[in-house]
Amino acid sequence: MMSESSDRSLLDLIRRRGPLTVNEMVEEMGVTGTAVRNRLARLVGNGLVERRSRQDGRGRPKHTYEASVEAHKRLGQNYADLAVALWEEMMGTMADRKLRRHLFLRVTERLADVYRAQVKGDEWEGRLVQLSGLLQGRGVEAEVARDDAVVLPFLRQHSCPYYELAEMDRAICGLERKMLEKILGAGLKLSQCRLDGDRSCDFQAKPAVSLAVGGSPQGFGSLSYEDDLNRV
């Protein structure tokens, strides 16, 4: 993730004009070599820029920088309009509620599959830490939070990966909750939501959860989809 807007402006320059040397970037941006190198260090460290050697005649090779495949993927992905259109078509034209529910379940499975194999172990907080790290890697600002009024740590999201869809149809919040349940293997409740004016979306283990030795959650009960599917 880019920590400063100046990193993004440099990445945009490299993506459009690269491969570029440090001197070429200094000339284009009108900043110091030190500033460029500091930004490059962050971009290379985040896997968004790759350094290569270029030999121009005799002498020492020059180092050039170009945008990585990951950078092109991140900067080129904007699926919000497509997702909204597809959701509206599915909900507006698919009259068969049973078919809509089946599709809802299939979508949650597909989304969960992106993360499920990468979240391992039986310890609850450890699974939350792994999941929050994966979400952050995909641009979702998430953390493991604690509250004196809540027994277990919980997942707190400061940004919504489906913001436009959720504003249009709150069934999306249920879809996301069910996806997270499948990843974590536990029943969750959305205790607060940004759509209600809260500062974050908090996904807490259901009240039925009790702690076993080692912090593993037990007694989650049924992962019923009825509440969310009634919206579909």
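For Lys178, a cut-off of 21 angstrom between C-alpha atoms picks up these lysines, skipping any fewer than 8 places away in its own chain: Lys98, Lys120, Lys189, Lys206. Here the Karplus relation 6.51 cos²θ - 1.76 cosθ + 1.60, evaluated at θ = phi - 60°, turns the backbone of the range 44-55 into coupling constants of 5, x, 8, x, 9, 10, 10, 9, 10, 9, 10, 9 Hz, with x for every Gly and Pro.
Normalised by the number of residues in the range 90-207, the mean separation of alpha-carbon contacts (under 8 Å, six or more apart) gives a relative contact order of 22 percent. Please state the shape class of the range 134-197: rounded when a/c is under 1.5, otherwise prolate if a/b exceeds b/c and oblate if not, all from the C-alpha gyration tensor. Cα axes put the range 134-197 in the rounded bin.
The calculated FRET efficiency for Ala35 paired with His158, based on their beta-carbon distance and R0 = 30 Å, is about 0.55. Applying the Karplus relation 6.51 cos²θ - 1.76 cosθ + 1.60 with θ = phi - 60° to the range 155-164 yields 3J(HN,Hα) values of 8, 10, 10, 8, 9, 9, x, 10, 4, 5 Hz, where x marks Gly and Pro. Between Asp96 and Ser191, the FRET efficiency from the beta-carbon distance, with R0 = 30 Å, is close to 0.35.
One decimal place: the segment Arg116-Thr21 gains 30.1 nm when fully extended, by the rule 0.36 nm per residue minus the C-alpha distance.
Per residue, the accessible area of the range 13-165 comes to 64 Å² when a 1.4 Å probe rolls over the protein heavy atoms. Residue ranges 60-66, 146-152 sort as 60-66, 146-152 when ordered by packing (mean number of other C-beta atoms within 10 Å per residue, highest first). Remark: spin-label model distance Val150-Arg60 equals 5.3 nm, labels positioned 7 Å along the Cα→Cβ axis. Here the average projected area of the convex hull drawn through the C-alpha atoms of the range 116-169 stands at 4.8 nm². Shape class of the range 46-189 from the alpha-carbon gyration tensor: oblate, with a/c at 1.5 or above and b/c at least as large as a/b. Rounded to whole numbers, the Karplus 3J(HN,Hα) couplings from phi for the range 176-192 are 5, 4, 5, 4, 5, 4, 5, 5, 8, x, 8, x, 10, 10, 8, 6, 8 Hz, using 6.51 cos²θ - 1.76 cosθ + 1.60 with θ = phi - 60°, and x at Gly and Pro. Taking a ≥ b ≥ c as the square roots of the Cα gyration tensor eigenvalues, with a/c under 1.5 meaning rounded and otherwise prolate when a/b beats b/c, else oblate, which class fits the range 1-56? Verdict is oblate for the range 1-56.
The values are calculated or read from the model by the stated rules, or taken from the named source; none is laboratory data. This is a predicted model, so every value here is computed, not measured. Here the Cβ is made from the backbone with ideal geometry for all residues, glycine too, and neighbour counts use every protein chain on show. For accessibility, only protein heavy atoms count, side chains too; no ligands or nucleic acids. Shrake-Rupley method; radii C 1.70, N 1.55, O 1.52, S 1.80 Å.
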